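Novice: Sharing a structure here in structure tokens format.
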There are 2 protein chains.
Amino acid sequence: MTENLHGKNFIAGELKAGGAQSARAVNPATGQQLEPEFIHATEAEVRQAAERAEQAQEKLLRLGSAPRARLLRRMAEEIIALGDPLIDRCHLETALPKGRLVSERARTVNQLLMFADLLQEGSWVDARIDTAIPDRTPSPRPDLRRMLIPIGPVAVFCASNFPLAFSVAGGDTACAVAAGCPVIVKAHGSHPGTAELVATALKRAVAAEKMPPGMFSLIHGPGKTVGVQLVTHPLIKAVGFTGSLRAGRALFDAAASRPEPIPVYAEMGSINPVFLLPQALRDRSKEIARGLGASATLGVGQFCTNPGLVIGLESEELDAFIREAGLLFKEATVETMLNKRIHQAYQEGSSRLRAVEGVELRAEAIGAPDVGRTQGRPALYSSDDRTFLDNPLLREEVFGPSSLIIRARSREELLRIAATLKGHLTASIHGSEQELLDYSDLAAVLQRNVGRLIFNGFPTGVEVCAAMNHGGPYPASSDSHFTSVGTAAIYRFVRPICFQGFPDPSLAPELQDENPLGILRQVDGLYTRDPIPR
Amino acid sequence: MTENLHGKNFIAGELKAGGAQSARAVNPATGQQLEPEFIHATEAEVRQAAERAEQAQEKLLRLGSAPRARLLRRMAEEIIALGDPLIDRCHLETALPKGRLVSERARTVNQLLMFADLLQEGSWVDARIDTAIPDRTPSPRPDLRRMLIPIGPVAVFCASNFPLAFSVAGGDTACAVAAGCPVIVKAHGSHPGTAELVATALKRAVAAEKMPPGMFSLIHGPGKTVGVQLVTHPLIKAVGFTGSLRAGRALFDAAASRPEPIPVYAEMGSINPVFLLPQALRDRSKEIARGLGASATLGVGQFCTNPGLVIGLESEELDAFIREAGLLFKEATVETMLNKRIHQAYQEGSSRLRAVEGVELRAEAIGAPDVGRTQGRPALYSSDDRTFLDNPLLREEVFGPSSLIIRARSREELLRIAATLKGHLTASIHGSEQELLDYSDLAAVLQRNVGRLIFNGFPTGVEVCAAMNHGGPYPASSDSHFTSVGTAAIYRFVRPICFQGFPDPSLAPELQDENPLGILRQVDGLYTRDPIPR
């Protein structure tokens, strides 16, 4: 199948390659370019994708949610039907182990099915009904019925580090489609072949379910040109992005300066601080060290939830912990990173870290990295509170398999460090249950600055469920109101509308008196699945 | 009481007047300046307000929601206790009739109480719990619990046209306080004395309920300087605004270009198109004309939901409707507008409208306006589809008591007009129930572009309730996800946080196993008020 890749853009079900620019993917494990050339979308093709998405949007609004649930399930089936060639091509383009990619495919499929289930249950539309009170004085109350509707065509950017679960048919696409929005995906230059294969599956699903073809497009090209053209097209109404702060902010700025500004939901990663309280180190030092080693080096540290910073109180126990964790970093394998740019950024970030006076390299993986194979070397550093507080550089994310452990000389210094950590996806606290109560001030400070607060666990392994929050204050994400993982992610791509005085036959089923879908609604202030009495 | 106004800023419970700039309010009905001078806040005072708000935020997070509900109720009591002097001063500053101000005070108080009730019920925090599955393969599921928490200190801008209900203790303040956010209000230059009186009430309420004084501040000064200083202060995390597109966009741009961008919820008004379908004109022409006349001239047309545009099919019935409506505009009274700037903008907007070839003045209020008394003259215009489609100027809001009726030569032209109307708070359709079904394409087009769609009613009179949506696509509001009226407005000022693996005693009551508050939660995918079995 991979041999048959065509390298073209998918514009509303048709293949287009009118552009003169192109690029090939690179196998990071060999440095060799992969066939074929992927043709960058022209501005006319971007425009056409947006216009077809707008046409699809109008049709979608009349269809109701059942066809969208079927489409999501069909997308899942078609992705599975791609079989091994998808995993093979993805492995070639990203060097991620096949086992990991098989898991990531399962997660991708499960996300699609989860949103199909959410649509089938139906209550997510947050239906609110205040019935008329004709005889109220001084003025009657009209009948008011509110629900959520799609915001309009959505631009989704593939993420370098999740070629399946946060790319063409990833979380953003799944919830935009669930919300009822057509999607235009911009492929990532690191894995355009993977994107093409998944796009083939989505195109088949759209056709099989007889959905409007403008529902889905895939375009290739650089973010700075093709990506910005997409985000600034007037018919695009929201953007989903996972990646670096620099790229995410550039898209945010482009969207905010449009004549009609639109929201950009950019998840931009973070340093994910881990706090080690004294009792935890006394009770479970080795276990926590093992957890840290595994979490920090998982997938060559290429997760936005990678724990890049650890803070503990200066003590013999902390020293022992650092030694123990060091052993695990030494034993970690040296593996190929996703692409040259990420590898280079890791090298540069590591060099900057090492150059800081007061930062000590405590352990490095034993295997020598092969630069020709884009390999990143796991490393553990340590430093002290003063150095940390004096060097804002140490609060910056180094994307890759390294962690920095800070020795705080007192509880006050530990809290001071916590107070400087603004805008992270997660923070973790290891301690006894009593310690967590004793350190409630630490938990309170962290709560202000993170999207997810973890007790006796590590941040990697983001559960996909209703209660997940994957986001957080800037710069973890560009809009802390929303998660990009879990069912609540759908709320990024909808907005409320209120119908006043509408007769039943002109209302969507979600708002009709009979409540034919049996969803949970707020009716005159009460939560109920009951119909409204006539 | 009014004689005792001091003109100072309220910074966390203290009166401050360190600035050299000041301004007085003007009585629009006489053109005379009112005592006293209101001292503009200095940059240091703005900074101090933000810092005290941040300190208050930390305390607030630990208090839970019950004290906030008590605070909201106390605020309502203290506002009522201000008595007639509040109405008197407000009338002097705005020329709004005292009857209207008494109603607006009732609405303001009811908004505060509505949010207190919302807190007491408690389910608004959208608690979601996915319990641990320790034996899941390949990896266990951790316990995850998510709820909404305050976003941080909020800046609120008083609205010129709602000196009570969208000003110091208005909707934005009520829901920010309900959300658990400290509030810094910037007074409007048109009614600073009203602001001071209400601030006195809020200060008393904060003290009486022993809440942290940084919970509330009030500052005076121009939006361009003091307002922008407030919005760009790093400790401010969100902004509520109601006013003009120009001022709203300026705040939006200032907030979006911060190192840490923050959301601006700006409700910027709209033209609120009204569509008249043929059967409605045959059946109820006079009744609809009366409704239009009343809605368009209510409060000298100074509502963001004022119906500025009416579209019907060219017909004898439409001509008769225009004549009928014209009579009502002729009979309308000439009244004082809110301030010179608004009056001047209305004059200029009216002149621009009259200058368009093809636009005809059909009726004007008989009474001659007294410019010294800042009076605006109700006026009704008509034109045809071609003129409308050729002149984008006719799609712009003229804030004041005028409406433009468009004769569309065909159903297609009527739909074409509808398709050009982007981003309105409301649209209204008058017709029979069967016509609404026959014109489902019209309803579909309007649904894409408005926040509230009204059948056989008029847009003024915004109900304050759960189902209300007061917002809409840009430029009606800067963020179509959120309403600024009704209980859902609280969601502007909160964000989710997820607690992973947290023991019960360290969780907020909303997330504890026992569900001590008895709120509705999503537990393992089901909506329930039940406790979680151990």
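The values are calculated or read from the model by the stated rules, or taken from the named source; none is laboratory data. Because the structure is predicted, anything quoted here is derived from the model rather than measured. Virtual Cβ from ideal backbone geometry, glycine too; neighbours counted across all protein chains shown.
Novice: Return the pairs, sorted by first residue and then second, in which the second residue is buried (at least 22 other Cβ atoms within 10 Å of the Cβ) and in a helix (DSSP H, G or I), the first residue lies in segment A:267-281 and is in contact (Cβ under 8 Å) with a residue 24 or more places away in the chain, the beta carbons are less than 6 Å apart, and the residues are 6+ apart or on different chains.
Specialist: Going by the 6 Å Cβ cut-off, the qualifying pairs are A:MET268/A:GLY248; A:LEU281/A:PHE321.
Novice: Considering each of A:VAL156, A:VAL125 in turn, give the residue that is under 21 Å from the mean Cα position of the chain (by Cα), of a type in the set (Val, Ile, Thr) and more than 10 Å from every other protein chain (Cβ to nearest Cβ).
Specialist: None of the other options fit; the residue is A:VAL156.
Novice: Take A:ARG52 and tell me if it is touching a helix residue (DSSP H, G or I) at 6+ places or on another chain (Cβ under 9 Å), in the same structural domain as A:GLY221 (by TED's automatic domain parsing) and under 14 Å from A:PRO182 (Cβ atoms).
Specialist: Yes, satisfied.
Novice: A further question follows. Need the failing condition index for B:CYS498 against (1) buried (at least 24 other Cβ atoms within 10 Å of the Cβ); (2) at the interface with another protein chain (Cβ under 9 Å from one of its Cβ atoms); (3) in a loop (DSSP other than H, G, I, E, B), just the number.
Specialist: With respect to (1) buried (at least 24 other Cβ atoms within 10 Å of the Cβ); (2) at the interface with another protein chain (Cβ under 9 Å from one of its Cβ atoms); (3) in a loop (DSSP other than H, G, I, E, B), B:CYS498 is out only on (3).
Novice: Another question, if that's okay. Report whether or not B:GLY451 is within 8 Å of another protein chain (Cβ to nearest Cβ), within 21 Å of the chain's Cα centre (by Cα) and either surrounded by fewer than 22 Cβ atoms within 10 Å (Cβ to Cβ) or in contact (Cβ under 8 Å) with a residue 40 or more places away in the chain (or both).
Specialist: Against the criterion (within 8 Å of another protein chain (Cβ to nearest Cβ), within 21 Å of the chain's Cα centre (by Cα) and either surrounded by fewer than 22 Cβ atoms within 10 Å (Cβ to Cβ) or in contact (Cβ under 8 Å) with a residue 40 or more places away in the chain (or both)), B:GLY451 does not qualify.
Novice: Taking A:ARG62, is it among the basic types (Lys, Arg), part of a helix (DSSP H, G or I), surrounded by fewer than 21 Cβ atoms within 10 Å (Cβ to Cβ) and free of Cβ contacts under 8 Å to residues at least 12 places away in the same chain?
Specialist: yes
Novice: I've got another one for you. Select from segment B:501-522 the residues that are under 22 Å from A:THR487 (Cα atoms) and within 9 Å of another protein chain (Cβ to nearest Cβ) and list them in ascending order.
Specialist: Once the filter is applied, which keeps residues that are under 22 Å from A:THR487 (Cα atoms) and within 9 Å of another protein chain (Cβ to nearest Cβ), segment B:501-522 yields B:GLY501, B:PHE502, B:LEU520, B:GLN522.
Novice: Inspect segment A:290-299 for any residue being over 15 Å from the mean Cα position of the chain (by Cα) and without any contact (Cβ under 8 Å) to a residue 40 or more places away in the chain and give the result as yes or no.
Specialist: Yes: one or more hits.
Novice: How many residues does segment B:480-495 contain that are within 9 Å of chain A (Cβ to nearest Cβ), touching a Phe, Trp or Tyr at 6+ places or on another chain (Cβ under 8 Å) and either hydroxyl-bearing (Ser, Thr, Tyr) or surrounded by fewer than 23 Cβ atoms within 10 Å (Cβ to Cβ) (or both)?
Specialist: Matching residues across segment B:480-495 total 3.
Novice: Could you tell me which numbered condition A:ASP513 fails, if it satisfies all but one of (1) assigned to a loop (DSSP other than H, G, I, E, B); (2) under 20 Å from the mean Cα position of the chain (by Cα)?
Specialist: That leaves (2) as the condition not met.
Novice: Given the conditions (1) of a type in the set (Asp, Glu); (2) free of Cβ contacts under 8 Å to residues at least 60 places away in the same chain; (3) facing chain A (nearest Cβ under 10 Å), report the number of the one that B:ASP530 does not fulfil.
Specialist: So B:ASP530 meets the others, but not (3).
Novice: Would you tally the residues in segment A:90-105 being surrounded by fewer than 17 Cβ atoms within 10 Å (Cβ to Cβ) and under 24 Å from A:PHE493 (Cα atoms)?
Specialist: Here the count works out to 0.
Novice: Does segment B:110-117 contain any residue that is away from chain A (no Cβ under 14 Å), within 26 Å of B:ILE262 (Cα to Cα), among the polar types (S, T, N, Q) and assigned to a loop (DSSP other than H, G, I, E, B)?
Specialist: The answer is no, given that none of the residues of segment B:110-117 is away from chain A (no Cβ under 14 Å), within 26 Å of B:ILE262 (Cα to Cα), among the polar types (S, T, N, Q) and assigned to a loop (DSSP other than H, G, I, E, B).
Novice: Name the single residue, out of those in segment B:501-519 being surrounded by fewer than 21 Cβ atoms within 10 Å (Cβ to Cβ), touching a residue at least 40 places away in the same chain (Cβ under 8 Å) and in contact with a Lys or Arg (Cβ under 8 Å, 6 or more places away or on another chain), that is nearest to B:LEU112 (Cα to Cα).
Specialist: B:ILE519
Novice: Still on this structure: Restricting attention to segment A:353-393, which residues are buried (at least 17 other Cβ atoms within 10 Å of the Cβ) and farther than 23 Å from A:ALA427 by Cβ?
Specialist: Selection gives A:ALA363, A:GLU364, A:ALA365, A:PRO369, A:ARG373, A:THR374, A:GLN375, A:GLY376, A:ARG377.
Novice: What about A:GLU396, is it more than 13 Å from chain B (Cβ to nearest Cβ), surrounded by fewer than 24 Cβ atoms within 10 Å (Cβ to Cβ), within 27 Å of A:GLU360 (Cβ to Cβ) and without any contact (Cβ under 8 Å) to a residue 40 or more places away in the chain?
Specialist: Answer is no for this residue.
Novice: Also, quick follow-up: Based on this model, can you work out whether B:ALA195 counts as at pLDDT 95 or above and not in a loop (DSSP other than H, G, I, E, B)?
Specialist: In short, yes.
Novice: What pairs can you find where one residue is in segment A:321-334 and more than 20 Å from A:ILE406 (Cβ to Cβ), the other is surrounded by fewer than 19 Cβ atoms within 10 Å (Cβ to Cβ), and their Cβ atoms are less than 6 Å apart, with a gap of 6+ or different chains?
Specialist: Pairs found: A:LYS330/A:ILE366; A:VAL334/A:GLY367.
Novice: Hey, could you check segment A:399-420 for residues that are closer than 24 Å to A:SER285 by Cα and β-branched (Val, Ile, Thr) and say which is surrounded by the most Cβ atoms within 10 Å (Cβ to Cβ)?
Specialist: A:ILE406
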